[in-house]
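Quick notes on the structure that follows.
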Ligand code: AMP
């Protein structure tokens, strides 16, 4: 099973992807996580990407396409994947089609999680991140990570003005991909304004499980 999760930042893609990969043993390929790891490791790619990420802008296509190409090529052919946060532009979607054709793999579904932008702004202001283990959680967890006891922080790109920019970037660059996958006949949409388990239930139904 090879799936793309589409949706604005803060729509719950990461949470839902984590549940799916646990259940189906899929590879969770999240470009945001890969880029944050590169930033933390201060690799040349991370240093280049950081300035875009801090402003809520997209990292240039060539950088992200190269990164995903390596990741997909390194994957065992038998294992399915879930793409979370990629593609985000038309150029990335076209490059992905080419990379998958080369690897003789197809896409089963592109699932778009729909959510009102104002709910997203509220959600993201209560989002917390553990730099130690990379886990995302909410402010209700307190100051310490329940998994590794690291200090929870607000990601720079979860601050309100940056979130608003990310939503504009999403509307301009990424939302048009919904039509791209509709045209391929693999688009499914689900409502994100529900409890996590209800969204997950709809997601399973959307992918025929
Ligand atoms: P995310 O955790 O998916 O919300 O991504 C965090 C940030 O990483 C985004 O705001 C972008 O700056 C960058 N990023 C993640 N995925 C991509 C992508 N596919 N294309 C360009 N930039 C990306």
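No lab work stands behind these numbers, since they all come straight from the coordinates. Everything quoted here is computed from the prediction, not taken from an experiment. As a convention, Cβ positions derive from the backbone with ideal geometry for all residues, glycine included, and neighbour counts pool all protein chains shown.
Data table
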| quantity | calculated |
| --- | --- |
| Where labels lie 7 Å past Cα in the beta-carbon direction, separation of residue 15 and residue 138 in nm | 0.6 |
| Ranked list, fewest to most other Cβ atoms within 10 Å of each Cβ, for 1, 124 | 1, 124 |
| Per-pair calculated FRET efficiency, R0 = 30 Å: residue 191 and residue 156 via Cβ, rounded to 0.05 | 0.55 |
| Largest-first ellipsoid semi-axes for the chain, taking √(5λ) over the Cα gyration tensor eigenvalues, angstrom | 25, 20, 18 |
| DSSP beta bridge pairing in the chain, given as percent antiparallel to the nearest 5 | 25 |
| Inter-label distance for residue 205 and residue 40, nm, one decimal - labels placed 7 Å from Cα along Cα-to-Cβ | 3.6 |
| Debye intensity ratio I(q)/I(0), log10, the stretch 129-209, q values 0.14, 0.18 Å⁻¹ (C-alpha model) | -0.77, -1.03 |
| Gain on full stretching of the segment that runs from residue 105 to residue 23 - 0.36 nm per residue minus C-alpha separation | 27.4 nm |
| Normalised per residue, the volume of the convex hull around the Cα set of the stretch 1-107 (Å³) | 103 |
| Segments 193-199, 113-119 sorted - mean Cβ within 10 Å per residue, highest first | 113-119, 193-199 |
| Residue-averaged [θ]222 nm for the chain, counting only DSSP H segments that reach four residues, each worth -39500 (n - 2.57) | -14000 deg cm²/dmol |
